[in-house]
Structures are given as structure tokens and as C-alpha cells.
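Asks: Supplied in C-alpha cells, the structure appears directly below.
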Amino acid sequence: VSGRLSNEDIQQIRTELAALFRDEFSKHLAKGGYEVVEATGDDVLRVQAALINLYINAPEKMTAGRSRSYTMDAGRVTLMMQLEDSVTGQTLARVVDTQQGMDTGQLQWTTSVSNSAEARRIVGMWSDSLRKALDRVNGKEPD
């Protein structure tokens with residue numbers, strides 16, 4: 001029981017993952033010239049996204065004494081995303097995709113830093129996929 005996460009720990013993970021998600025999506029979309037905005041308007045795509053079924057193999061919790069967690073992968077997460085025209089509200093696409101952390105084939109020391117890096121890799125992959133799809137729709141040359 002002492003190793004379980006508290007409600008505060010869980011909320012902190014949610015908050016940090018939401019910030020990571022927004023930062024990565026903004027950064028990757030900017031590479032294609034797509035700006036993340038808060039307002040509706042012509043030529044604006046509303047993106048509603050949720051990360052669900054988050055399973056972290058070894059969430060780091062500060063405890064007295066030293067402990068280390070070793071895992072084969074960081075865990076898994078599912079993205080649910082809906083894309084809509086921001087003016088009409090018409091649904092243009094829905095996406096559901098589950099990704100798992102890279103399986104190294106061997107046990108690795110797992111920390112909050114390695115978990116965050118793996119989350120960035122997965123969210124970056126989703127972001128790049130969206131950017132490339134937007135490029136195709138907009139007739140841009142693939143990179």
C-alpha cells in the first residue's frame with residue numbers, strides 16, 4: 001500500500017502529461033507552419049484530444065531510502081482525437097491509437113525522466129502523423 005500513488009501524485013501526472021502533450025503538439029505542428037490557437041475562425045481546425053488507458057509500468061514516487069525500478073518498457077497509452085471544423089462543428093475525422101513504450105528486450109532502470117522521454121517520443125509520433133496528414137490535405141510536399 002505504501003508504494004501506491006496518492007490522488008495528488010495522480011493529478012500531478014495528469015497535469016504534467018497534459019502540458020507535455022500540448023507542448024509537443026504545438027512544436028511539431030509549427031514545423032509544418034500550423035499554429036495552435038484558442039479561437040475559432042476560418043481555416044481553423046478544432047482538435048479535441050484525450051489520453052486514456054494510461055498505464056505507467058514504474059511511476060516514480062519519492063520515498064524514504066533508495067529504490068530503483070527496472071522495466072522492459074515504460075507502459076502504454078491510448079490517444080482519442082476528434083478533428084472538427086471550428087466554425088460549423090462538422091466532424092472531419094476521429095482517431096483512436098494505442099502506443100506502447102519501446103521494448104528494449106532487456107530490463108532498464110526506469111525513472112520519471114525516462115518515462116517523460118518515452119511520453120515525448122509517443123506524443124511526437126502522433127503529432128508528426130497529424131502534421132503530415134494536414135500537409136497532404138493542404139497539398140504540401142511531403143518531407
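The values are calculated or read from the model by the stated rules, or taken from the named source; none is laboratory data. This structure is a prediction, so every number in the text was calculated from the model and none was measured. Using ideal geometry, Cβ is built from the backbone for each residue, glycine included, and neighbour counts are taken over all protein chains shown. Areas reflect the complete protein model, heavy atoms only, side chains present, ligands, DNA and RNA absent. Shrake-Rupley method; radii C 1.70, N 1.55, O 1.52, S 1.80 Å.
Asks: Figure the gain on full extension for THR88 and ASN53 (residue separation times 0.36 nm, minus the Cα-Cα span) and round it to one decimal in nm.
Replies: Contour length minus the Cα-Cα distance gives 9.6 nm.
Asks: Roll a 1.4 angstrom probe over the protein heavy atoms and tell me the percent of accessible area of the chain that is carbon or sulfur.
Replies: Taking all protein chains in place, the chain shows 51 percent carbon and sulfur surface.
Asks: Follow-up question, since we're still on this one. Excluding the sites themselves, what is the longest stretch of the chain that contains no trypsin sites (Lys or Arg not before Pro) in a DSSP loop with at most 10 other C-beta atoms within 10 Å?
Replies: Here the longest run is 69-143.
Asks: Please state the charge dipole magnitude for the stretch 2-59, taken about the Cα centre, from unit charges on C-beta atoms (+1 on K and R, -1 on D and E), reported in debye and rounded to the nearest 20.
Replies: 220 debye
Asks: Right, here's the next one. Treating only the Cβ of Lys, Arg, Asp and Glu as charged (+1, +1, -1, -1), what charge dipole size does the stretch 1-142 show about its Cα centre? Round to the nearest 20 debye.
Replies: For this selection, approximately 460 debye.
Asks: Provide, for the chain, the number of lysine pairs with alpha carbons under 18 Å apart, each pair being eight or more places apart or on different chains.
Replies: Final tally of qualifying lysine pairs is 4.
Asks: Per residue, how much accessible area does the chain have with a 1.4 Å probe, in Å²?
Replies: Result: 70 Å² of accessible area for each residue.
Asks: Now for a separate question. Specify the longest stretch of the chain that does not include any exposed loop site, a site being one of the GluC sites (Glu not before Pro) with a non-H, G, I, E, B DSSP assignment and at most 12 other Cβ atoms within 10 Å.
Replies: Result, exposed sites excluded: 39-143.
Asks: Towards the positive end of the charge dipole of the stretch 38-143, with charges on Cβ (+1 Lys, Arg; -1 Asp, Glu), say which of THR91, ALA49, VAL137 has the farthest Cα.
Replies: Sorting the options by dipole projection puts first ALA49.
Asks: I would also like to ask the following. Just grab the label-to-label distance for MET80 and ASP43, each label 7 Å out from Cα along the Cβ direction, in nm (one decimal).
Replies: Each label point is offset 7 Å from its Cα along the Cβ direction, giving 3.3 nm.
Asks: For the chain, what does the helix formula give at 222 nm: sum of -39500 (n - 2.57) over DSSP H segments with n ≥ 4, over the residue count, nearest 500 deg cm²/dmol?
Replies: Only helices count here, giving -12500 deg cm²/dmol.
Asks: So what does the Cα-only Debye profile of the chain read at q = 0.11, 0.12, 0.16 Å⁻¹, as log10 I(q)/I(0), no solvent term?
Replies: Each listed q maps to, in turn, -0.50, -0.58, -0.92.
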